[in-house]
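A.B. asks: Got a structure for you, questions after.
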Amino acid sequence: MMRAIVGWSLRFRFLLIFLAAGLMFFGYRDVRNMPVDVFPEFAPPRVEVQTLSVGLNSTEVESQVTIPLEDALNGVQDLDIMRSKSVSDLSSITLYFKPGTDLMRARQLVTERLSVAQATLPTWAAPPFIMPPVSATRRVLMIGLSSETIPLTDLSMTAYWKIRARLLRVPGVANVAIWGERLKMLQVQADPERMRGNGVSLDEVMETTADAVDAGLLRYSEGAVIGTGGYLDTANQRLVIRHVPPVLTPAALAQVPLKEHPALHLSDVADVLEDHQPLVGDAVVNDQPGLLLVVDKFPWANTLETTHGLERALDELRPALTGVQIDANIFRPATFIDMSIENLTRALIIGSLLVVVILIAFLFEWRTALISLVAMPLSLMVALLVLHQMGATINVMVLAGLVIAIGVVVDDAIIDVENIWRRLRQQRLEGQEKSTAATILDASLEVRSAIVHATLMDLVVLMPVFFLEGLTGSFFRPLALSFVLAVLASMLVALTVTPALALMLLSKAPLHGREPPLRRLLQAGYSSVLRRIIRRPAAAYVSVATVVLVGLIVAPQLGEELLPTFKERDFLTHWITAPGTSHPEEARITTEGTEALRAIPGVQTVGAHIGQAFLAEEVVGVNFGENWISVDPNADYDPTIEAIEETVGTYPGLLHEVETYLKETTEEVLTGTSQPIVVRINGPDLPVLREKAEEVEEALSSIEGIDELHKDLQVDVPQVQVKVDLDKAQHYGVKPGDVRRAAGVLVSSEEVADIYQGGKTYEVQVWSTPKTRENLGSIEELLIDTPTGGHVRLGDIAEIRVAPTPNVVQRENQSRRIDVLAGVKGRDLGSVSRDVQSALSEIEFPLGYHAEMLGEFNERQQAQDRLVLFGIGSAIGVLLLLGAAFGNWRLAILSFLTLPSALVGGVLAAYAGDGVISLGSLVGFLTVFGIAARNGIMLISHFQYLEDHEGETFGVDLVLRGARERIAPILMTASAAALALVPLVVAGSIPGNEIEHPMAVVILGGLVTSTILNLFIVPSLYLQFGRRGRRLAQTA
Amino acid sequence: MTTETIQGTRSNDPRRLAALILGGLLAAGALALLLVVVVISPSSETKATDAESGPATVENDRVILTEEASERLGIETGAITDSEVQAPTGESSLRKVVPYSAVLYGVDGGAFVYTNPEPLTFARAPITIESIKGDAAVLSDGPASGTTVVTVGSAELFGAEFEFEE
């Protein structure tokens, strides 16, 4: 069949070349517009449910909101893990579904369950809502807004109603959360002293305010019913009457007479002014309070495209936002992607130029170099186009797969051309009668038949990747897919375009000139060395054994790491004070932090957010802050990072860890937290959990390499508890419910009305004057209305004290849990994890409690076990293919056994370089294996070809001749592959190269040993073991 | 067949020379690769971090800050004073008073402040608050008058003492 394909290509060569050219041209445009992202979508499908529960503390939220919801959601189809967090005023439940679950269907099922569960929740728990679906790396842009002239309240209203609304329209945007929002509203701040002095009750103030405005919210007040305007019917027309709401200023509202004391006005018992709501979160931009807009993207959205859309939208809004500083550089992952692509492209271009040099040096013939140069990008282009048709994005994994395939692609492009050239030369020099076309046909097939087996071996080795599960599966599958596509495309091109081009370009070429000097030199030198080695093969075998031994010794010394640290330019550092810390203090220390960080040379901008925001995913208290640091792309990377870490480390009493966003989200998806090492302890009782966590922390603190060890911040915080004394209250005629409602309004405010104006909604709230609620004493002095019209101090009818309450309650799969977390520094993850596991096994846990280790290591361990199993299957497949290629089982087994020694060079190179085996190194090993296998097969099948088709008898001469004829293409492939990768090695681990750099290091090292193996060991082996009992092929 | 004769007629010297060149090229290539890999390509940090003497140390129930840490936190201090306080009954007397911004509440309600016995050294001291007047807390029990107390930054000292850092 291959003969038919090649023959057809030769016959219709002009048509074929025309098609190929068209493909390149149009394909280039398509590929340029392909969506690009850093990672493939690796998170399992997940649904997050949030329920606002104002007025409840963490344990109340847990028992009254979270647990009923968990019970209702338990057992949803395809549910994998359910995690929840309960803090004051907020419950958050995240459901992780099994990979492959349809996200929309999962959301549908959750909604159905929620509508039933809602009835079981307390009425003051706002209805649970499902957060929009977001990508694993959800944040796509962070925008800081600040202004010297416009007050923050006005800015907040514009940000919510105008800016957010516009940004939501950008394709790909799932949600925009605004930190630091200070809603502009009218506040009637009641003064209990003045109320008492005038004999006015709080209820009266509230009802007066609600009735004063067109749209009151108090259900039993008159203002709750918005009157209709009615209409006039004349004989001819119907005129509808509309009441235009007047502009209600604080001054106007202050003049409203009180309901039961018409002689008095609101201003007599309260301060009426414009202010904002009590804050549960804040933002620091440009070292002052500002707004931070955080944009999340859908799972199917594309970072670059969405970022550009957002920036265009901001440009549209800018003219209307004079006086507002808009900083869209605080966090911009698209920058990293742009840089990565730029670096990779540069490396590839330089690499291609170097390949050209090699080709010309070896072949001394520009036409053949041209053919190879056309074949290589064409194969890659075809692979990318197929991926495009499948709807894939270009990400680091796809690129890694293409890079592994480069070994195959380069090899394919070179060996075909080299053999065609050699045979054509031979034909011209020896004056054979075969036509050029026939020569090319035979030369191609000579090479192709053997190479098919090698290609199949590459594919078999990669097969296990398709069977990986979980996070590693979602990561590696795109890699395997792009590799397979590139290899198949390369084979197709070698069968069609290469022969066609060869016929077109080489049929008239003068090929009978002098043999290229480099080639002659190499062949001569190689022959003499090989001759000596073949005579004494024992030395060769001993050296192979030594090399393998060295490899086996060195390999376990290497550390292991699944994912490299991506050289992103955007960092975040948590800025967490002790739970229970106030908002003013957290804002102060955060501002100190951002000031210090901005002073570091190389830091472009810093924005911070504190606590919660509406519709945001941070379920935390106001003690929790995050500083987002953007580093200038032109700044020196390592010194800047060091300076940042140093600065951050000078702050005592704060939890601060410097991370990149990609690292944080991958770890968060893996474990639900953001650290590589997580020990999760499950059990019912919080104090016992905390005790065990202490024990575990103690045990881990002595392990070398553990960094930033800490427990989950699950602590007790002081809380003011108000407990009504029923007897005393009854004495005054006050009901417990009255106390709660009154205290609630005075301390935390209540919304009583809305004003609609200019397309926005403004709240009207009743609160108390700041003096009324400024300290613990004021709470005791709160005046509660009695039914008889008098007042009583809260302190007289209730017990007020400070008592402990947990700041957060975390649950997993319906059990309370606490984590002990640690980072890793100075040692590799694998060894540290193993030490942690052994330390854990020494700790005893009471009945009902257990601990497990999660994190990157766990995931990788599981992946490794699976891989080993499938690896064995692949190895068997490789052996079978070798047997089919050689037709000689002894030879097949021996080849199989010597192939690993080709990898030793890679092991040594990895050891000398980074000292770790990572994703990139594994990719490198695969590439080296592929190249070694191809060269070995080519060599041996050439020996067999010489014996079968050119009448050479088996012996030293056969081997010497065969080896001499193959050294040029072997060295060409090796040096082309090596030089193509040298730019990647020299550039180092810069953005875009984090995976490619260790891979290139391993490939370079592996090429050295595999080439030596192929040049000196394989011929010796063949001489010893390759004699075939029966002639399996025909003689020439 | 013909190969051996062809090779047999060549003299030894160019072959040996070529062999040397080939060997030298290979060796040079390997060495160059090694150099490139080890020297030029940046490798990741493998040295372990030395035990950090952090910005704060806790010993004997005291928190000791470095000069830099104190500046970073923006620590400010005030003092416990004797002031005229007006009782609800109207009469005024001399009472111990501490700025309210120095007060921290423990989980069981016991209030405390951070005193500053030595430069950059801070220690918790329990207080009992009788009442709060504006931004001053009237104490019924606490450290002696004149004691320096931390008015800005006590939340972080608390965090350092109970090891919320790192």
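A.B. asks: In region A:991-1006, how many residues are facing chain B (nearest Cβ under 9 Å) and part of a loop (DSSP other than H, G, I, E, B)?
C.D. replies: 0
A.B. asks: Has region A:139-150 got at least one residue that is closer than 24 Å to A:MET104 by Cβ and touching a Lys or Arg at 6+ places or on another chain (Cβ under 9 Å)?
C.D. replies: yes
A.B. asks: While we're on this one: Considering only residues that are at pLDDT below 90 and within 14 Å of chain B (Cβ to nearest Cβ), which ones fall in region A:555-575?
C.D. replies: A:GLN557, A:LEU558, A:GLY559, A:GLU560, A:GLU561, A:LEU563, A:PRO564, A:THR565, A:PHE566, A:LYS567
A.B. asks: Restricting the search to region A:541-568, which residues are in a helix (DSSP H, G or I) and either surrounded by 19 or more Cβ atoms within 10 Å (Cβ to Cβ) or among the hydroxyl-bearing types (Ser, Thr, Tyr) (or both)?
C.D. replies: A:TYR541, A:SER543, A:VAL544, A:THR546, A:VAL547, A:GLY551
This table checks each residue for (1) assigned to a helix (DSSP H, G or I); (2) within 13 Å of another protein chain (Cβ to nearest Cβ); (3) closer than 25 Å to B:PRO55 by Cα.
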{"residue": "B:THR77", "(1), (2), (3)": "no, no, yes"}
{"residue": "B:THR89", "(1), (2), (3)": "no, no, no"}
{"residue": "B:LYS96", "(1), (2), (3)": "no, no, no"}
{"residue": "B:ALA125", "(1), (2), (3)": "no, no, yes"}
{"residue": "B:SER131", "(1), (2), (3)": "no, yes, no"}
{"residue": "B:SER145", "(1), (2), (3)": "no, no, no"}
{"residue": "B:LEU157", "(1), (2), (3)": "yes, yes, yes"}
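A.B. asks: Would you confirm, using the coordinates I've provided, whether A:PHE467 is of a type in the set (Phe, Trp, Tyr), touching a residue at least 12 places away in the same chain (Cβ under 8 Å) and in contact with a Lys or Arg (Cβ under 9 Å, 6 or more places away or on another chain)?
C.D. replies: Yes: the conditions hold for A:PHE467.
A.B. asks: On the basis of being in a strand (DSSP E or B) and within 30 Å of A:ARG196 (Cβ to Cβ), does A:ILE818 make the cut?
C.D. replies: When the stated conditions are applied, A:ILE818 does not pass them.
A.B. asks: Could you check region A:831-851 and list, in sequence order, the residues that are among the acidic types (Asp, Glu) and touching a residue at least 12 places away in the same chain (Cβ under 8 Å)?
C.D. replies: Residues satisfying the conditions are A:ASP835, A:GLU842.
A.B. asks: Which one is farthest from the other protein chains (Cβ to nearest Cβ) among residues in region A:611-632 that are farther than 23 Å from A:THR805 by Cβ and acidic (Asp, Glu)?
C.D. replies: So the residue we want is A:GLU617.
A.B. asks: Any residue in region A:650-657 that is of a type in the set (Phe, Trp, Tyr) and out of contact with any Ser or Thr (no Cβ under 7 Å at 6 or more places or on another chain)?
C.D. replies: Taking every residue of region A:650-657 in turn, at least one turns out to be of a type in the set (Phe, Trp, Tyr) and out of contact with any Ser or Thr (no Cβ under 7 Å at 6 or more places or on another chain).
A.B. asks: Sticking with this one: Only one residue in A:GLY905, A:GLY848 is farther than 29 Å from A:GLY473 by Cβ, in contact with a Gly (Cβ under 6 Å, 6 or more places away or on another chain), loosely packed, with under 15 Cβ neighbours inside 10 Å and of a type outside the set (A, V, I, L, M, F, W, C). Which one?
C.D. replies: A:GLY848
A.B. asks: Shifting gears a bit: So in region A:944-953, with the set limited to residues that are more than 13 Å from chain B (Cβ to nearest Cβ) and buried (at least 16 other Cβ atoms within 10 Å of the Cβ), which one is nearest to A:ARG531 (Cα to Cα)?
C.D. replies: Out of the qualifying residues, it is A:GLN944.
A.B. asks: Report yes if some residue within region B:71-91 is touching a Phe, Trp or Tyr at 6+ places or on another chain (Cβ under 8 Å) and small (Gly, Ala, Ser); otherwise report no.
C.D. replies: No: region B:71-91 contains no residue that is touching a Phe, Trp or Tyr at 6+ places or on another chain (Cβ under 8 Å) and small (Gly, Ala, Ser).
A.B. asks: Select from region A:323-347 the residues that are at pLDDT below 80 and buried (at least 19 other Cβ atoms within 10 Å of the Cβ) and write down the one among them that is nearest to A:VAL606 (Cα to Cα).
C.D. replies: A:SER340
A.B. asks: Right, next: With the requirement that a residue be closer than 19 Å to A:ASN175 by Cα and assigned to a loop (DSSP other than H, G, I, E, B), what does region A:272-301 give you?
C.D. replies: Of everything in region A:272-301, those that are closer than 19 Å to A:ASN175 by Cα and assigned to a loop (DSSP other than H, G, I, E, B) turn out to be A:PHE298, A:PRO299, A:TRP300, A:ALA301.
A.B. asks: In region A:905-919, which residues are more than 12 Å from chain B (Cβ to nearest Cβ) and in a helix (DSSP H, G or I)?
C.D. replies: A:VAL907, A:LEU919
A.B. asks: Which condition from (1) of a type outside the set (Val, Ile, Thr); (2) more than 24 Å from the chain's Cα centre (by Cα); (3) modelled with pLDDT of 80 or more; (4) over 24 Å from A:GLY593 (Cα atoms) is the one that B:GLU59 breaks?
C.D. replies: So the condition that B:GLU59 fails would be (2).
A.B. asks: Is there a residue being small (Gly, Ala, Ser) and either surrounded by fewer than 22 Cβ atoms within 10 Å (Cβ to Cβ) or under 16 Å from B:ASN60 (Cα atoms) (or both) anywhere in region B:96-106?
C.D. replies: Looking for residues that are small (Gly, Ala, Ser) and either surrounded by fewer than 22 Cβ atoms within 10 Å (Cβ to Cβ) or under 16 Å from B:ASN60 (Cα atoms) (or both), one finds at least one in region B:96-106, hence yes.
A.B. asks: Give the number of residues within region A:721-747 that are within 14 Å of chain B (Cβ to nearest Cβ) and surrounded by 15 or more Cβ atoms within 10 Å (Cβ to Cβ).
C.D. replies: Result for region A:721-747: 2.
A.B. asks: Here's a follow-up. Can you tell me which of A:ALA608, A:ALA587 is within 30 Å of A:SER58 (Cα to Cα) and away from chain B (no Cβ under 14 Å)?
C.D. replies: When all the criteria are applied, what remains is A:ALA608.
A.B. asks: Given the conditions (1) more than 13 Å from chain B (Cβ to nearest Cβ); (2) over 50 Å from the mean Cα position of the chain (by Cα), report the number of the one that A:ALA980 does not fulfil.
C.D. replies: Among (1) more than 13 Å from chain B (Cβ to nearest Cβ); (2) over 50 Å from the mean Cα position of the chain (by Cα), A:ALA980 violates only (2).
A.B. asks: Among the residues of region A:61-80, is any crowded, with 18+ Cβ neighbours inside 10 Å and modelled with pLDDT under 90?
C.D. replies: For region A:61-80, residues crowded, with 18+ Cβ neighbours inside 10 Å and modelled with pLDDT under 90: absent.
A.B. asks: Any idea which of A:ALA968, A:ALA978, A:ALA1000 is free of Cβ contacts under 8 Å to residues at least 60 places away in the same chain and in contact with a helix residue (DSSP H, G or I) (Cβ under 6 Å, 6 or more places away or on another chain)?
C.D. replies: It is A:ALA978.
A.B. asks: Do the conditions hold for A:VAL986, that is, is it within 9 Å of chain B (Cβ to nearest Cβ) and either within 19 Å of A:ALA413 (Cβ to Cβ) or in contact (Cβ under 8 Å) with a residue 24 or more places away in the chain (or both)?
C.D. replies: No.
A.B. asks: Also: Would you point out the residue of region B:133-143, among those that are more than 10 Å from chain A (Cβ to nearest Cβ) and surrounded by fewer than 16 Cβ atoms within 10 Å (Cβ to Cβ), that is nearest to B:GLU71 (Cα to Cα)?
C.D. replies: B:ASP141
A.B. asks: Please pick out the residue among A:ARG934, A:ARG961, A:ARG966 that is within 22 Å of A:ARG423 (Cβ to Cβ), at the interface with chain B (Cβ under 10 Å from one of its Cβ atoms) and part of a helix (DSSP H, G or I).
C.D. replies: Result: A:ARG961 is the single residue among A:ARG934, A:ARG961, A:ARG966 that is within 22 Å of A:ARG423 (Cβ to Cβ), at the interface with chain B (Cβ under 10 Å from one of its Cβ atoms) and part of a helix (DSSP H, G or I).
A.B. asks: What's the total number of residues in region A:864-893 that are surrounded by 20 or more Cβ atoms within 10 Å (Cβ to Cβ) and touching a residue at least 24 places away in the same chain (Cβ under 8 Å)?
C.D. replies: Count: 7.
A.B. asks: Can you name the number of the only condition in (1) closer than 23 Å to A:GLN187 by Cα; (2) of a type outside the set (Ser, Thr, Tyr); (3) touching a Pro at 6+ places or on another chain (Cβ under 8 Å); (4) surrounded by fewer than 16 Cβ atoms within 10 Å (Cβ to Cβ) that A:LYS771 fails?
C.D. replies: (3)
A.B. asks: Being more than 7 Å from every other protein chain (Cβ to nearest Cβ) and not hydrophobic (A, V, I, L, M, F, W, C) is the filter here; which residues of region A:590-602 pass it?
C.D. replies: Within region A:590-602, A:THR590, A:THR591, A:GLY593, A:THR594, A:GLU595, A:ARG598, A:PRO601, A:GLY602 meet the criteria.
The values are calculated or read from the model by the stated rules, or taken from the named source; none is laboratory data. Model, not experiment: these values are computed from the prediction. Note that each Cβ is placed from the backbone with ideal geometry, even for glycine, and that neighbours are counted across all protein chains shown.
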